[in-house]
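A quick write-up on the structure given underneath.
Since every read-out is calculated from the coordinates, none of them should be taken as a lab result. Fair warning: this is a prediction, and the values are worked out from it, not measured in the lab. Using ideal geometry, Cβ is built from the backbone for each residue, glycine included, and neighbour counts are taken over all protein chains shown.
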């Protein structure tokens, strides 16, 4: 008969795991409790940081204002531009800090059209005050950008009116030259008048004694009226450019900044979180303790063999 040799196996059973944990239970618990206590002490001694967040919805009212608010920069583009200013000296000067990213952050959600502004402080009151400051700076940035766009529209309208005025003045000079050469009296002809009316000419000019002279006179009157209107428009636009407060008021009425979550003083600090951090540290300590227990059990037999 063949004698059976007992097989050796390195597999670990549940009983082996239980025995390892039982032998090392106080060490595992001690490591977890120690790490939790250290984390709790650190959380209580570390300076607190309070965070206040503002949520703003941006939109433009449907007000043409005679084209002065047309072709303005898009609000999503302006909001993203403000977000990109976080690392610039311009925003640092307006927020009165050397590094805005230490205390402020901004994020724009293009899908929902929401601007998220966040401010941090050592105290609850400081966080609330900084939230109000960044909201004010963001609103001013948007308004100033839109005001500059409105001013560009006004300057463009002014330039176009000046070009139209020059064209009207040149046309008026040509008509006046023709009027000086045209006779002012001629015999009326009913056939000619009927033919001119059939071609769509003004009946007043077609039935006149001299249709050509009368038509030129009417064109002269229309150009004079057009020149007067263009001169008045240019004067109005020029005066408007010299009144920045009026442009700012116009833009303020068109820009709708709806504060969904206003600046407020937070009740609890955002960092550190003693209770949360302590629980996480305790759980991590227990996991590290369990891992250390199995490593210690795996190393111990080898050390015993070497000693023997």
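Annotations
- The order of 177, 49, going from fewest to most other C-beta atoms within 10 Å of their C-beta, is 177, 49.
- Here the stretch 57-164 is treated as a Stokes sphere of Kirkwood radius computed over C-alpha pairs; at 25 °C and 0.890 mPa s its diffusion coefficient rounds to 158 µm²/s.
- Spin-label pair residue 140-residue 97: with each label point 7 Å from Cα along the Cα-Cβ axis, the two points sit 1.6 nm from one another.
- Centroid-to-centroid, using Cα positions, the stretch 238-269 and the stretch 73-108 are 17 Å apart.
- Calculated FRET efficiency for the pair residue 15/residue 299, C-beta based, R₀ 22 Å, to 0.05: 0.60
- Each principal axis of the stretch 127-181 carries a Cα extent, and these read 81, 8, 5 Å when sorted largest first.
- Separation of the residue 232 and residue 33 label points, Cα + 7 Å toward Cβ, nm: 9.2 nm
- Shape of the stretch 67-112, Cα gyration tensor, a/c cut at 1.5: oblate
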